[in-house]
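Only the coordinates and a few stated rules stand behind these numbers; no lab work does. Every value quoted in this text rests on a predicted model; they were computed, and no experiment measured them. FYI the Cβ positions are ideal-geometry reconstructions off the backbone, even for glycines, and counts take in every protein chain you see.
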Amino acid sequence: MSGRLADKVSVITGAGQGIGRAAALAFVSAGSTVWAVDRNSETLAVLQSKQPAIKIKTLDVTDGQGIARLADEIGPVDVLFNCAGYVHAGGILDCTEADWDQAMNVNARSMFLMTKAFLPGMVDNGAGSIINMSSVVSSVMGIPGRFAYGTSKAAVVGLTKSIAADYVDKGIRCNAIAPGTVDSPSLGDRLAVFDDPVAARAEFVARQPMGRLGLPEEIAALAVYLASDEAAYTTGSVHVVDGGMSL
Ligand code: NAD
C-alpha cells in the first residue's frame, strides 16, 4: 500500500459514525490497515459495506475485558485513535452521579483502558502514535451546559500529556485533538431535542466565527497527520481545530 499511512495498522474507536467514521475512511485512503471499533454493529456494517478493506469489531470501550481480548486478537498496532465519546448536556445541578460516571467512563476511562492494552505493543516496536479525542470544551474553554462533558474532555488532555511525558523517549507520541462544533449524527440528535431544531441549528451556526460547523472530514485530516510520520516532532499537544470557536 502507498500513502502517508502505508504499512501502518490502526485502531479507531467510535468508528461507526461521525468523526471516527470519517477517520476510518481517511486512514484506509492513506494506506493504513484499519480496525474500526464501535459498540454499534449496524453502523459498522454500513461502514464496511462502503469500504470493504476496513476490519470491524463490535465492542463497548468501557469493557476492560473486551478490550484486552481485542488487543490479543489484533496484536501490535502503530496507531491508536481513541475517538469514541458521549455528550452529557447540562450544568452541574443537572448532572447525577450516574451521568458523571458515564461521562468519565466513556470519555476518559476508555482511553486509559485502550491505551493500557495497546501501548505494550508500541513499546516493543519502539514506535507508535496515540491520538485522543478531546474537545475545545475542556481545559481550552468552557461553554454553558457542558459540565460533565467538559470535565471529562479536560481529563483527556491530562491523560494525553501524562502518557506523552512517560513515553517521549520510547518513540511513542500521544496527542489530543480538540474540535469545535462538528456536524455529526450525534449533533443532529442533540438538536432534535429542541422545540424548533431548525432554529436551534441556525443559532449554533450563528455562534461559529466562520459561520459554519466543522465537517468530520476536516477533523479526520488532522488525525491522519498526527498518525503519520510527518507529525514525528509533535507530542503531548492539544491540536485545536475549531473554526475559530475558542479565539
Ligand atoms: P458521534 O457522537 O455521532 O458518534 C460517536 C460514536 O462513538 C458512535 O458511533 C457511538 O456508537 C460510539 N460510541 C459511543 N460510546 C461508545 C462506547 N462506549 N463504546 C464504543 N463505541 C461508542 O460522533 P462525533 O460527534 O463525531 O464525536 C466523535 C468524538 O468527537 C467524540 O469523542 C466527541 O466527544 C468528539 N467531539 C465531537 C464534537 C462535535 O461537535 N461533534 C466536537 C468536539 C469533540
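Structural remarks
- Residues THR234, THR62, THR13, THR96 arranged by fewest to most Cβ contacts within 10 Å: THR96, THR234, THR62, THR13
- Phi angles of the range 193-198 translate, via the Karplus equation with coefficients 6.51, -1.76, 1.60 and θ = phi - 60°, into HN-Hα couplings of 7, 6, 4, 10, x, 5 Hz per residue; Gly and Pro are given as x.
- Positive-end ranking of ALA227, GLN208, VAL156 along the dipole of the range 151-247, with charges on Cβ about the Cα centre, is headed by VAL156.
- Scaling against 2.2 N^0.38 Å puts the C-alpha radius of gyration of the range 111-199 at 1.36.
- The smallest convex shape that holds all Cα atoms of the range 1-71, its convex hull, gives 75 Å³ per residue.
- Modelled spin labels at ALA68 and GLU230, positioned 7 Å past Cα toward Cβ, are 3.9 nm from each other.
- Near ARG39, once Lys and Arg are set to +1 and Asp and Glu to -1 for all other residues with Cβ below 14 Å from its Cβ, the sum equals -2.
- The chain: relative contact order in percent, alpha carbon pairs under 8 Å with at least 6 residues between: 20 percent
- Adding -39500 (n - 2.57) for every DSSP H run of four residues or longer, then dividing by how many residues the chain holds, sets the calculated 222 nm ellipticity at -13500 deg cm²/dmol.
- Stokes-Einstein D for the range 160-230, Kirkwood Rh over Cα pairs, 37 °C, 0.692 mPa s (µm²/s): 224 µm²/s
- Relative pair counts by distance (%), Cα atoms of the chain, 10 Å bins: 8, 33, 38, 18, 3, 0
- Across LYS116/LYS161; LYS8/LYS50; LYS55/LYS170; LYS50/LYS153, pairs whose alpha-carbon gap is larger than 23 Å: LYS55/LYS170; LYS50/LYS153
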